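Dumping the structure here so I can ask a few things about it.
The values are calculated or read from the model by the stated rules, or taken from the named source; none is laboratory data. Small disclaimer: the values here were computed from a predicted structure and weren't measured. Reconstructed Cβ throughout: ideal geometry from the backbone, glycine too, with neighbour counts over all protein chains shown. Surface areas here come from the heavy atoms of the whole protein model, side chains and all, with no ligands, DNA or RNA. Shrake-Rupley method; radii C 1.70, N 1.55, O 1.52, S 1.80 Å.
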Amino acid sequence: MKPFLLRQLTCAIDKQPLELVVFKDQEFVLSSEQKNIINSRGNQLRDYDKEIMDGLLMNNRKKIFYPIYKGVPRLLLFEHPLIKIFSEEFKEQIEPFIQKGYRFPSDDS
């Protein structure tokens with residue numbers, strides 16, 4: 001997920017902005033041509049020079065989070081096998097949020 005997408009995404013439940021927690025990102029070296037195109041469109045280079053590979057999109061109002069997994073934000077409102085995979089792979093990173101009462105929207109708890 002490119003960082004600029006955060007400005008476009010909203011919570012699937014309350015349609016409000018989300019906050020980003022990055023577990024893993026990947027840097028990209030932009031060519032001069034790419035930089036010129038980005039700048040000519042009035043965009044920020046920092047929104048394009050990395051890819052967020054894994055992390056969370058947080059709704060602090062509702063205490064829910066959505067996974068970003070393998071570069072794709074997953075705004076899932078239902079049970080899906082990916083949630084279990086993500087939870088197991090990033091157990092240590094999400095545990096502090098769970099301790100504070102956060103959950104996936106599909107959790108019954």
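What's the magnitude of the charge dipole for the chain around its Cα centre, counting Lys and Arg as +1 and Asp and Glu as -1 at the beta-carbon? Answer in Debye, nearest 20. Don't skip to the end; give the middle numbers.
Numbers: 17 positive and 16 negative charges, 81 e Å.
Charge dipole of the chain: 380 debye, to the nearest 20.
Show the residues, 5+ positions off or on another chain, whose built amide H is closer than 5 Å to the amide H of R103.
Correct list: I64, F65.
While we're looking at this one, here's another question. What does DSSP give for the chain in terms of the percent of beta bridges that are antiparallel, rounded to the nearest 5? Let's see the in-between values first.
Working: 16 of 17 bridges.
Close to 95 percent.
Right, here's the next one. Return one whole number: the accessible area per residue of the chain in Å², for a 1.4 Å probe.
Values: 6910 Å² over 109 residues.
I get 63 Å² per residue for the chain.
Tell me the volume per residue, in Å³, of the convex hull enclosing the alpha carbons of the chain.
Details: hull volume 11.2 nm³, N = 109.
Per residue, the Cα convex hull of the chain comes to 102 Å³.
Shifting gears a bit: Students often get this wrong, so check it: of K15/K91; K15/K63; K62/K84; K24/K63; K63/K100; K2/K50, which have C-alpha atoms separated by over 18 Å?
Details: K15/K91 27 Å; K15/K63 14 Å; K62/K84 21 Å; K24/K63 22 Å; K63/K100 8 Å; K2/K50 7 Å.
In this structure, K15/K91; K62/K84; K24/K63 exceed 18 Å between Cα atoms.
Relative to the compact globular guide of 2.2 N^0.38 Å, what is the alpha carbon radius of gyration of region 1-54, as a ratio? Could you put the intermediate results ahead of the total?
Working: Rg = 13.0 Å, N = 54, 2.2 N^0.38 = 10.0 Å.
Here the Cα radius of gyration is 1.30 times the empirical estimate.
Ok, one more. Can you show me the helix-derived [θ] at 222 nm for the chain, built from DSSP H runs with n ≥ 4 at -39,500 (n - 2.57) apiece and divided by the number of residues, rounded to the nearest 500. Walk me through the numbers on the way to the answer.
Details: 3 runs with 27 residues, N = 109.
That calculation yields -7000 deg cm²/dmol at 222 nm.
Additional query: Can you work out the FRET efficiency for the pair Q26 and I98, with r the C-beta to C-beta distance and R0 = 25 Å, to the nearest 0.05?
Plugging the Cβ-Cβ distance into 1/(1 + (r/R0)^6) gives 0.45.
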